[in-house]
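These notes are about the structure you will find just below.
The values are calculated or read from the model by the stated rules, or taken from the named source; none is laboratory data. Everything numeric here is computed off the predicted structure, so don't read it as measured data. Note that we place each Cβ from the backbone using ideal geometry, even for glycine, and neighbour counts take in every protein chain shown.
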Amino acid sequence: MKAQVVTLENKAAGEIDLLDAIFGLDPRADILDRVVQWQRAKARAGTHKTKDRSEVSGTGKKPFKQKGTGNARQGTLRGPHQEGGGRAHGPVVRSHAYSLPKKIRALGLKHALSAKQKAGKLVVVDTLAVKDAKTKAVATSFAGLGLTKPLIITAAEVDAGFALAARNVKGVDILPVIGANVFDILRHKELVLTKDAVSALQERLA
């Protein structure tokens, strides 16, 4: 399929071919959900922790004699059934990451790109170079392109002036093409790709 290439000033800059196998799929929510859940699980810190009976402070002495008190027998004051005792089967420090096949991860990225294309939220720009490296100028360019909360992906090194100006615009994120991922693509309203980024993504996913 063909896609219009524009400049940051929203002027026509030619066309580019988008592969149907990457940008023309019918998005599947189940694939996208699997990849997003995998990403979020991998990002979890896993630093939650409670103390078990071996870690809480307290004596190991038997609280009272076994028989003759009329109470249930007790062997420790540090058990989970005691006030101030350790927790049974509580959370421990661990990694929540799990493996997901590379084919599914690649397929998820294809479906995310296709979802933006199908929704009309994919913009291909010629270059990110700006003449006036000011936040107001970049914000005006975004408004002209109809961008409110865009994710910008580029293959080449980001223009220093553009990066400096765009970082103060609320809701804007810039990623190198190697960092393109399903979660960030879906959580932004629009996806902006440079021509170099489109070529790199198609080479990577073809």
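Tabulated data
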| read-out | value |
| --- | --- |
| Residue satisfying condition, being without any contact (Cβ under 8 Å) to a residue 40 or more places away in the chain and not in a loop (DSSP other than H, G, I, E, B), within set 33, 52 | 33 |
| Matching residues in region 140-164 - criterion: being farther than 18 Å from residue 11 by Cβ and more than 20 Å from the chain's Cα centre (by Cα) | 156, 157, 158, 160, 161, 163, 164 |
| Subset of region 9-30 (residues that are in contact (Cβ under 8 Å) with a residue 24 or more places away in the chain and aliphatic (A, V, I, L, M)) | 13, 16, 18, 19, 21, 22, 25 |
| One residue from 191, 201 being under 23 Å from residue 30 (Cβ atoms), outside any helix (DSSP H, G or I), touching a residue at least 60 places away in the same chain (Cβ under 8 Å) and not charged (D, E, K, R) | 191 |
| Any chance residue 172 is crowded, with 17+ Cβ neighbours inside 10 Å, within 19 Å of residue 120 (Cα to Cα) and in contact (Cβ under 8 Å) with a residue 12 or more places away in the chain | yes |
| Out of 114, 95, 141, sole residue that is under 29 Å from residue 30 (Cα atoms), of a type in the set (S, T, N, Q), touching a residue at least 12 places away in the same chain (Cβ under 8 Å) and surrounded by 15 or more Cβ atoms within 10 Å (Cβ to Cβ) | 114 |
| Number of the exception - residue 44 against (1) buried (at least 17 other Cβ atoms within 10 Å of the Cβ); (2) touching a His at 6+ places or on another chain (Cβ under 6 Å) | (1) |
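For (1) surrounded by fewer than 10 Cβ atoms within 10 Å (Cβ to Cβ); (2) modelled with pLDDT of 95 or more; (3) touching a strand residue (DSSP E or B) at 6+ places or on another chain (Cβ under 9 Å); (4) closer than 19 Å to residue 201 by Cβ, each residue gets a yes or a no:
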| site | (1), (2), (3), (4) |
| --- | --- |
| 30 | yes, yes, no, no |
| 37 | no, yes, no, no |
| 53 | no, no, no, no |
| 64 | no, no, no, no |
| 76 | no, no, no, no |
| 79 | no, no, no, no |
| 106 | no, yes, no, yes |
